[in-house]
Structure formats: C-alpha cells, structure tokens
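Novice: Shown below is the structure under consideration.
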Amino acid sequence: MKKFLFGILLLLGISCMDTTSKDNPQLSFYYWKTTFALDQVERETLKNLEVRKLYIRYFDVGLKNGAAVPITPIVFKDAVPLLEVVPVIYIKNDVVLSGQLDVKKFAHQLVDFVQQINDRNNIDSQEIQLDCDWTLTSKERFFALIEQLRKETDMKISVTIRLHQVKFASKTGVPNVDRGVLMYYNMGRIASDSLNSIYDRQIAQKYTSGLKDYPLPLDYALPIYSWVVHSRKDQVVRLISRLRVADLTQQAYIRQSGENQFTVEKEIEAFGFVFQAGDILKVESIAPAQLKEMTTDLYQASGKTPKEIILYDLNSKNITTYDQEIFKEMVRRK
C-alpha cells in the first residue's frame, strides 16, 4: 500500500512539474543581418538558453520602378543549427499601397522566393512571418495579401503587431493569421532630447490596456539592441546601430556630458562617419531591470502568459551586454 501511495505521489509530482514548465514561455531570437553566420558567442547562447526557434529576416520588399522587388535577401554562409526557422519578410507600407500591386501574384512570389531560399539551404519551415506596419489606408490590401498567402501555402502565418494596432484594433483591424508578435519597442520619437525612443514605460502603459481583449494570440518581442542618436544643432542626423556607452568612452575627442550623452569636441572620423565639433551623441539601450519590468507589465496587462518571448536581436554584441540569467528570469513564471 505504501509503495502504491508513493507511486501516486510521484506521478502527481511529475505532473505538477510538467504543468509548471508549460506555463513558462519559450525564449526565441530574431536574426536581422543580411548574412547568416553565427559566431561562437551566438552559438553558445542558443545552446545555453535552449532556444528552439529562430526568426530570420529573409528579405525586405520595396518598390523599384513601381514593381515590388526583394531587397538584400539573406545569404547563408553557415548551416542553421538544429532548430525551427521562421522566415521573416519585411514589407514596406508603400508596397501594399501601390496601385500596381497584383496581390495574387505578389503572394505567389513571396512564397516561391522563401521556398527557393529554404531549398538552397536545406531548411524546412512551418511558418512565415510578415513584418508590415499597416495603416488605415493599407489594411485592406494587407489583409487581402494574408488571405491570398493562405491559398498559396500550408505554412502557418504570423504577423508583427504594433502597440497602436492593439489599442485601436477596432479601427486598424485584426489580421486573419495564426498569431501575432507584439513589438514592444520603438515607442517614442527619435530626437536629441533625453528620452529613450526604444522603450518608455509611461508611453507603453498608455497602449497596453487593450491586450486583455485583443482577439489574436500574442507573443512578445523585446529589445536587447542599442543605437546612438547623432544630432547636430538639435536636429537628428542619423542613427548608428549597435553602439553603446563603452564604445564612445574609448574615443578621443568624444566627451561624456551625461549618463548616456556625449559631446564631440573637434571634427573627427569614427565608426565610419564624420562628426563635427558640438555634435551630440545619445546612447539608447535597455537595462536588465527594464527587461524584467517589461515582462511583468505585459503579463499584468494581458492576464496571459505568451508561448514565446522573442529577443531582438541575436548578435554577440547585444548578448554580451547582459548576464544571461536575466533572459532566463524573463521567462520564468513564479
């Protein structure tokens, strides 16, 4: 009898452990370079974090002489690790708005080009993701494209969702896809002021009230990237990707004038650009505590646990900025 009772308790214990495990989101990454080649840090990160899925930007779509064409398609220099690959296609809004766009033909071309890339690189995808910031004027064409894609492929279809598309869902519409990925970044205005355009909690909380009632299953994409806002006379000159405070402190004639702000003291060339005396360089990045804050706020606002949290993006410079325990804590529900 004692052995029988012990067996029941053991099974219940295993069952409880499995249930707890299923409640935790899976951790995934976006890969957003035009060449696929993983370095040692990136490979070890995928292994250590037990990543099962990688969202790879396959190509952008823009207009050339009025026609929709692929831009900078991905080139695979390395074989993809043994995990699921989701091709991501970034479609510029003007493509969807183009009066010359044949939606049926375009859908066929998208699926065909994805399949060509997969065939060349021995990749078997189960899902395609579209990244398009559709608007009130383009939503009908974009939603029609989704319907046509469903006829062209058996793969699941997901789309990226912006915060404003959640808050104003009754106006912007809800796409007929298998799921969405909420892009929880790029919230503010890119400017020379002290605000962080990548993430602002106060701005975010103005838009998250609609999460509980949003009818589409949502996963969350969170930022681990950084950039520098280069300004001259209070006007933004450019964004410089993947620079952090440590990069600027190592440069002569660039003086730190605030926590995340630097002033150029004389005309110099650095990071492939020319800077003039008086230029202001503002570093925008995400602190570890902010990542945990994001997940807490999203869970509370939605009342749901997503199946995935996707970090943007897989790059050794981004990864080494953080203790990887932070990534594990983000998906560990207490």
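Novice: Tell me yes or no: at least one residue of segment 228-251 is touching a residue at least 60 places away in the same chain (Cβ under 8 Å) and surrounded by 19 or more Cβ atoms within 10 Å (Cβ to Cβ).
Specialist: Our first condition is that a residue be touching a residue at least 60 places away in the same chain (Cβ under 8 Å); within segment 228-251, this holds for 242, 244.
With surrounded by 19 or more Cβ atoms within 10 Å (Cβ to Cβ) added as a condition, the list becomes none.
No, every residue in segment 228-251 fails to be touching a residue at least 60 places away in the same chain (Cβ under 8 Å) and surrounded by 19 or more Cβ atoms within 10 Å (Cβ to Cβ).
Novice: Filter segment 156-176 for residues that are under 22 Å from R57 (Cβ atoms), touching a residue at least 40 places away in the same chain (Cβ under 8 Å) and in contact with a Ser or Thr (Cβ under 8 Å, 6 or more places away or on another chain) and give the result. Let's see the steps before the verdict.
Specialist: Within segment 156-176, the first condition is being under 22 Å from R57 (Cβ atoms), and the residues that meet it are 156-163, 165, 175.
Still in the list and also touching a residue at least 40 places away in the same chain (Cβ under 8 Å): 158, 160-161, 163, 175.
Answer for segment 156-176, where residues must be under 22 Å from R57 (Cβ atoms), touching a residue at least 40 places away in the same chain (Cβ under 8 Å) and in contact with a Ser or Thr (Cβ under 8 Å, 6 or more places away or on another chain): just L163.
Novice: Looking at segment 309-334 only, could you name the residues that are surrounded by fewer than 19 Cβ atoms within 10 Å (Cβ to Cβ) and among the charged types (D, E, K, R)?
Specialist: K317, D323, E325, K328, E329, R332, R333, K334, listed by residue number.
Novice: Related question: For residues that are loosely packed, with under 15 Cβ neighbours inside 10 Å and under 21 Å from the mean Cα position of the chain (by Cα), scanning just segment 105-156, find the one that is modelled with the lowest pLDDT.
Specialist: Once the filter is applied, the top-ranked residue is T135.
Novice: Next up: Looking for something over 23 Å from I319 (Cβ atoms) and in the same structural domain as Y322 (by TED's automatic domain parsing) - is there at least one such residue anywhere in segment 50-57? Break it down stepwise before answering.
Specialist: Within segment 50-57, the subset over 23 Å from I319 (Cβ atoms) is none.
For segment 50-57, residues over 23 Å from I319 (Cβ atoms) and in the same structural domain as Y322 (by TED's automatic domain parsing): absent.
Novice: Still on this structure, please answer the following. Is it the case that Q290 is closer than 30 Å to P215 by Cα, part of a helix (DSSP H, G or I) and either free of Cβ contacts under 8 Å to residues at least 24 places away in the same chain or touching a strand residue (DSSP E or B) at 6+ places or on another chain (Cβ under 7 Å) (or both)?
Specialist: Values: closer than 30 Å to P215 by Cα: yes; part of a helix (DSSP H, G or I): yes; either free of Cβ contacts under 8 Å to residues at least 24 places away in the same chain or touching a strand residue (DSSP E or B) at 6+ places or on another chain (Cβ under 7 Å) (or both): no.
Here the answer is no, as Q290 does not meet what is asked.
Novice: Hey, another quick one. With the structure loaded, tell me whether V51 is out of contact with any helix residue (DSSP H, G or I) (no Cβ under 7 Å at 6 or more places or on another chain) and either assigned to a loop (DSSP other than H, G, I, E, B) or at pLDDT below 95 (or both) or whether it fails that test. Full working, then the answer.
Specialist: Working: out of contact with any helix residue (DSSP H, G or I) (no Cβ under 7 Å at 6 or more places or on another chain): yes; either assigned to a loop (DSSP other than H, G, I, E, B) or at pLDDT below 95 (or both): yes.
It is true that V51 is out of contact with any helix residue (DSSP H, G or I) (no Cβ under 7 Å at 6 or more places or on another chain) and either assigned to a loop (DSSP other than H, G, I, E, B) or at pLDDT below 95 (or both).
Novice: Would you pick out the residues in segment 261-287 that are in contact (Cβ under 8 Å) with a residue 40 or more places away in the chain and closer than 25 Å to E325 by Cα?
Specialist: Selection gives V283, E284, S285, I286.
The values are calculated or read from the model by the stated rules, or taken from the named source; none is laboratory data. None of the values given here were measured: they were computed from a predicted structure. Cβ coordinates were reconstructed from backbone atoms using ideal geometry, including for glycine residues, and neighbour counts include every protein chain displayed.
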